[in-house]
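What follows is one structure encoded as structure tokens, with my remarks underneath.
Nothing in this text is a laboratory measurement; each read-out follows from the coordinates by a stated rule. What you see is a predicted model, and the numbers here were worked out from it, not measured in a lab. We place every Cβ from the backbone using ideal geometry, glycine too, and count neighbours over all the protein chains shown.
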Amino acid sequence: MELATIIALLEQYRYLILFPLASLEGPMLGFITGSLVPLGYFHPLPLFVTLVLADVLPDIGYYFFGRWGKKKSLIERVGPKLRITPEHFEMVRGLWHSHPFKAMAITKFAYGLSTPLLISAGLVHLPFKIFWRYSAILAVFQYTVLIGLGYFFGGYFATVESTLVRVEILIAATAVVFGIYYLITHSVRSQFLKKDFGQ
């Protein structure tokens, strides 16, 4: 979805559109909506709670998809996306059970690996209490940073009178922040695949 479209939808529908958009474009939305707080479009607490829930609830859905799915068929479907063979699956199991916080951090910040890794947590029967707790802790951290950055930039946007200029500045700032975010998540993915699977 185009950034200008997302901004227009948020300005028009606010909380009504926030949860579904956040489920799809969570981190980007954290920064954008944070920048709209000083302009009066959102209140910080309901915004924060909505974004964290929109991050954690889909994680839980993927976890139970893995937990209740047939292990063999799911590994055959999910494995190729992660470059996991059945032999590598035991390494993933070990990571989830030995270092669950590290595994969840990789899951949250490894570009393109989030869904398969969330499913794998269910497949290896990581205790649900541990899963949702670490998912929530990392979501709280992630959105505190992103909403905070957005709020900082939003204070500057509030001094700009032209709506068009505000949107242009917001698009440019979002592009910079998410260029950096993409580089970090891509690096985490590469390190994970190289270290754990020798690729």
Listed peptides 120-127, 167-174 by packing density, highest first (mean Cβ within 10 Å): 120-127, 167-174
Interchain or long-range residues, amide H under 5 Å from A158's placed H: none
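By how many nm would the segment from F101 to R14 lengthen if fully extended, with 0.36 nm per residue of separation less the alpha-carbon distance?
Details: separation 87, 0.36 × 87 = 31.32 nm, distance 3.30 nm.
Answer, rounded to one decimal: 28.0 nm.
Report the calculated FRET efficiency for S23 and R93 (r = Cβ-Cβ distance, R0 = 35 Å), to the nearest 0.05.
Details: r = 28 Å, r/R0 = 0.79.
Efficiency, from the Cβ-Cβ distance: 0.80.
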Amide H contacts under 5 Å for L113, placed H, 5+ residues apart: none
Highest-first arrangement of 45-51, 112-118, where packing means the average Cβ count within 10 Å: 112-118, 45-51
Residue order, fewest to most beta carbons within 10 Å, for M104, M28, M91: M91, M28, M104
Integer Hz, Karplus 6.51/-1.76/1.60 couplings in order for segment 20-34, x for Gly and Pro: x, 5, 5, 5, 9, 10, x, x, 4, 5, x, 5, 4, 5, x
Calculated FRET value between I171 and H125, using beta carbons and R₀ = 35 Å, to 0.05: 0.20
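Applying 1/(1 + (r/R0)^6) with R0 = 25 Å to the Cβ-Cβ distance of T159 and I137, what FRET efficiency is obtained, to the nearest 0.05?
Details: r = 35 Å, r/R0 = 1.40.
Efficiency for this residue pair is about 0.10.
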Length added when fully stretched, F65-I184, from 0.36 nm per residue minus Cα-Cα: 40.1 nm
